[in-house]
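First up is the structure itself, then whatever we jot down about it.
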Amino acid sequence: MNRLLLIALLLVLAVFTTACSEDKSSAGLAKDEMVPASAYAPVSGNRIYSRPDLCDTMEDVKTKIPYVDQKLHKVLGRCNSDPDKERYWAYYGKRQKPATLKKWLKRLCKKKYKSATTIIDVDEKQCHSGSGAYNVAAVGYVNKYADLLRAFNKSGADLSKSAWGKNHYCSVGLAEGRTYPGLSSKSCKSSGGGSSSGSISGSSSGGGFTKTDYQFVYKKNAAQFGGRTVRWASKSINVSGITNPSWQAAIRKWPVVRFKFDSSKEIVFAGYSDEYPKACGWAQPMWRSNGKMARCIIKLNTAIDSMGCHSTELVLQHEVGHCLGIMGHTNDGGLMDPVCCSSKITSRVRRGLALLYALKPGTKIRSKARARASSAMHNKSKAVRDDLFDPSGERLIHGPVIATQARQ
Ligand SMILES: [Zn+2]
């Protein structure tokens, strides 16, 4: 019995060996180049938003190990003008660098079909699975938005598409209002599928923050503190003095951060006043010399109901925006415009806030916001605050009182 089995096995092996060696000489490649393995994927449905089936079906004929689980380097692709639309090619288990394998694959397509090549995956950027870190929703999310796909492809990412997509979604996408089925704020709480969102902080590998975002944060925030960012140390912020549920609900509409309504004095609603008769409300942020917000006092005009201020909820939501670190006004028809208040938190503001809270308090951003921002914005508060930074945070710095006007 055993002998029979052995013979059968040898026969099978022999078949594979001849199949392989036949394949090798066929493409007319240079001596050291190997022909990739070819495979077919079932054609079903629209796979644009999901991972290529080839990631699973492309397997080694001998070992039956799928492409994604192969060790060493691998490259998966197809030749664009191959008349057989369902044929794919892959290298795997190769010691050569991915760049070499890509070059070989491209050369094969050129020689065989005079064709350009579509590289589907290199070392599991798009096929990444293995430990289950592959995230269909995160990959679909990247594919859905052309600008993200471009950014990912450009990143030469060390991250898989899953991890990159998740990082982007959690650090900016969510705040920007981007959506994809299966992604929500909950997706950002678990740690699987990518490096923590803290590593993003506008680095070239993933945050997706632009110079415009940095300029926004510079103008509305860091310009008040010698070019360094000012924010709450934690994204969970206490608000005292507000018990009205609809006021709380309005404040909770702010993305990026969370609020606790209790008696701890971080953001403080200090009641009504007529100190600034024309303002619906005003806010005064204060921070420590290490860039950590220490307190922010909000007051509303005693006459708020009779002076065309829209709703108290929106005025409060707007003032809380100042307290989060948006220490200026926008001019985009949104909630943070100086005349109160549209209910829309615009994408500019969402992105700015997401960037501000992706950076540590006291981060120097002048160079990243360069050019236009520095000259235009520096005139107001100028050098006075330039030298106040101090990691121990000993000094308390009083920021500007930012007032919000009524319509009229
Ligand atoms: Zn305001």
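Just one of the numbered conditions (1) over 29 Å from the mean Cα position of the chain (by Cα); (2) at pLDDT 90 or above is not true of G325: (1). For segment 283-303, taking the residues that are closer than 23 Å to R351 by Cα and crowded, with 24+ Cβ neighbours inside 10 Å, the one that is farthest from the ligand (Cβ to nearest atom) is identified as G291.
Among the residues of segment 126-148, those that are modelled with pLDDT of 70 or more and surrounded by fewer than 18 Cβ atoms within 10 Å (Cβ to Cβ) comprise V136, K144, A146, D147.
Would segment 278-289 turn up any residue that is within 28 Å of A223 (Cα to Cα), charged (D, E, K, R) and out of contact with any strand residue (DSSP E or B) (no Cβ under 9 Å at 6 or more places or on another chain)?
Narrowing segment 278-289 to residues within 28 Å of A223 (Cα to Cα): 278-289.
Narrowing further to those that are charged (D, E, K, R): 278, 288.
Adding the requirement that they be out of contact with any strand residue (DSSP E or B) (no Cβ under 9 Å at 6 or more places or on another chain) leaves none.
Scanning segment 278-289 turns up no residue that is within 28 Å of A223 (Cα to Cα), charged (D, E, K, R) and out of contact with any strand residue (DSSP E or B) (no Cβ under 9 Å at 6 or more places or on another chain).
Contact map, segment 312-339: residues that are over 16 Å from V401 (Cβ atoms) and of a type in the set (S, T, Y) paired with residues that are within 10 Å of the ligand (Cβ to nearest atom) and not in a helix (DSSP H, G or I), Cβ distance under 9 Å, separation 6+ or inter-chain. Pairs shown: T312/C280; T312/G281; T330/M336; T330/D337; T330/P338. Within 16 Å of the ligand (Cβ to nearest atom), of a type outside the set (D, E), free of Cβ contacts under 8 Å to residues at least 40 places away in the same chain and surrounded by fewer than 15 Cβ atoms within 10 Å (Cβ to Cβ): does that describe S273? When the stated conditions are applied, S273 passes them.
Of all residue pairs spaced 6 or more apart or on separate chains, those with beta-carbon atoms under 8 Å, a first member in segment 123-150 that is farther than 11 Å from V68 by Cβ and assigned by TED's automatic domain parsing to the domain that holds G182 and a second member that is β-branched (V, I, T) and modelled with pLDDT of 80 or more are L148/V142; L149/V142.
Considering segment 304-329 alone, what residues qualify as being more than 13 Å from the ligand (Cβ to nearest atom) and of a type in the set (D, E, K, R)? Residues satisfying the conditions are D305, E313.
From S204, S184, grab the single residue that is at pLDDT below 90 and closer than 26 Å to G334 by Cα.
The match here is S184.
Restrict the check to segment 91-104 and report whether at least one residue is under 32 Å from the mean Cα position of the chain (by Cα) and aromatic (F, W, Y). Yes, segment 91-104 contains at least one residue that is under 32 Å from the mean Cα position of the chain (by Cα) and aromatic (F, W, Y).
Of the residues that sit in segment 89-104 and are in a helix (DSSP H, G or I) and of a type in the set (D, E, K, R), which one is surrounded by the most Cβ atoms within 10 Å (Cβ to Cβ)? The residue in question is K102.
For segment 332-344, enumerate the residues that are in a loop (DSSP other than H, G, I, E, B) and within 10 Å of the ligand (Cβ to nearest atom).
L335, M336, D337, P338, C340, C341
The values are calculated or read from the model by the stated rules, or taken from the named source; none is laboratory data. Please read these numbers as outputs of a predicted model, since none were measured by experiment. Methodologically, a virtual Cβ is constructed for each residue, glycine included, from the backbone with ideal geometry; neighbour enumeration extends over all protein chains shown.
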